[in-house]
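Here the structure comes first, spelled out in structure tokens, and everything after it is commentary.
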Amino acid sequence: MYKLPVGKFFESIIDWLTQNLGPFFDIINSILTGIISTFETVLLFIPPLILIALMVVLAWRIAGKGVAIFSIIGLLLIHSMGFWEETMITLALVVTSGLLALIIGIPVGIWASRKDAVENVVRPILDFMQTMPAFVYLIPAVLFFQLGKVPGAVATVIFAMPPAVRLTNLGIRQVQKEVVEAARAFGSTSQQLLFKVQLPLATPTILAGVNQTIMLALSMVVIAAMIGAGGLGGEILKGITQLKIGLGFESGISVVILAIFLDRITQAMGEKSQNKK
């Protein structure tokens, strides 16, 4: 039976990109290394107890007393278990990849919301990205950027981007036509319509996309430990490969605490935006 050489075709594309766009990937590598290192340096430079206090105040101001109480208990637990440095490394990767996913995804979502042809092209690509197993993203990332934090961040950006695109597109398209027509009737330009009418009204939906992007980024950063991204994912991987049950459980709990902290804060931002409408 004839077998289609899909895998070999994919390999040839990767080989061509690696050979012809090597300098481009080197530039991306250098930029991402600098960004990740900057976030890590800042997060690790601040004494843990002071940073915990700042994070608790942030949680209180944005999400309320309950989340603040959870934050102080959870973050102190992470510190007491000895996983603070790994948690900050993971947070640096999440912030870097999450911000890049949003910086790319939100403009693409805006573009798709304004042109049906773009949406028709983008939608199947997003479907493909969201149904592809997470581990598959590690393969081209490693081939382009070797092992380490940079390929982990690149794979995370690709994996976490679809919700930002989808929900930005959806939020803008859900703005009532009457409101859009009224703005146009008052002489709004296309740019004014977008920034003064559509984006403010779509903000709750866009922030829901931000929440999902951050959560996907955290989950992928943990998986990216398989290619040397480090952080809490590295400790979990060590616990699995070395059958250290206690290490795996403690590092897993640390991931859960960080995930809940980020989730509650981004959710609260969306709820506040919804209440302002």
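When you scan the range 1-97 for helices (runs of 4 or more DSSP H) that lie fully inside it, which ones turn up with 1 or more residues that are touching a residue at least 60 places away in the same chain (Cβ under 8 Å) and over 23 Å from the mean Cα position of the chain (by Cα)?
Where helices (runs of 4 or more DSSP H) fall fully within the range 1-97 and carry at least 1 residues being touching a residue at least 60 places away in the same chain (Cβ under 8 Å) and over 23 Å from the mean Cα position of the chain (by Cα), they are 6-20, 65-81.
Got at least one residue in the range 148-164 being closer than 20 Å to Leu93 by Cα and among the polar types (S, T, N, Q)?
Yes, because at least one residue in the range 148-164 is closer than 20 Å to Leu93 by Cα and among the polar types (S, T, N, Q).
Among the candidates Ile158, Ile206, single out the residue that is over 30 Å from Phe10 (Cβ atoms) and not basic (Lys, Arg).
Ile206
For Val118, are the conditions met, namely being modelled with pLDDT under 85 and aliphatic (A, V, I, L, M)?
no
If you go through the range 132-150 one residue at a time, how many are assigned to a helix (DSSP H, G or I), farther than 15 Å from Leu21 by Cβ and not hydrophobic (A, V, I, L, M, F, W, C)?
Counting residues in the range 132-150 that are assigned to a helix (DSSP H, G or I), farther than 15 Å from Leu21 by Cβ and not hydrophobic (A, V, I, L, M, F, W, C) gives 2.
Can you pull out every residue in the range 227-258 that is farther than 30 Å from Phe144 by Cβ, free of Cβ contacts under 8 Å to residues at least 12 places away in the same chain and of a type outside the set (Gly, Ala, Ser)?
Leu243, Lys244, Ile245, Phe249, Val256
Take the conditions surrounded by fewer than 18 Cβ atoms within 10 Å (Cβ to Cβ), under 24 Å from Leu100 (Cα atoms) and among the β-branched types (Val, Ile, Thr) and apply them to Ile31. Does it pass?
For Ile31, the condition - surrounded by fewer than 18 Cβ atoms within 10 Å (Cβ to Cβ), under 24 Å from Leu100 (Cα atoms) and among the β-branched types (Val, Ile, Thr) - is met.
For the range 171-178, check the following and say yes or no: at least one residue is within 15 Å of the chain's Cα centre (by Cα) and assigned to a helix (DSSP H, G or I).
Checked against the condition, which is being within 15 Å of the chain's Cα centre (by Cα) and assigned to a helix (DSSP H, G or I), the range 171-178 yields no hits at all.
The values are calculated or read from the model by the stated rules, or taken from the named source; none is laboratory data. No experiment lies behind these values; they were computed from the predicted model shown. Every residue, glycine among them, receives a Cβ derived from its backbone with ideal geometry; neighbour counts consider all protein chains shown.
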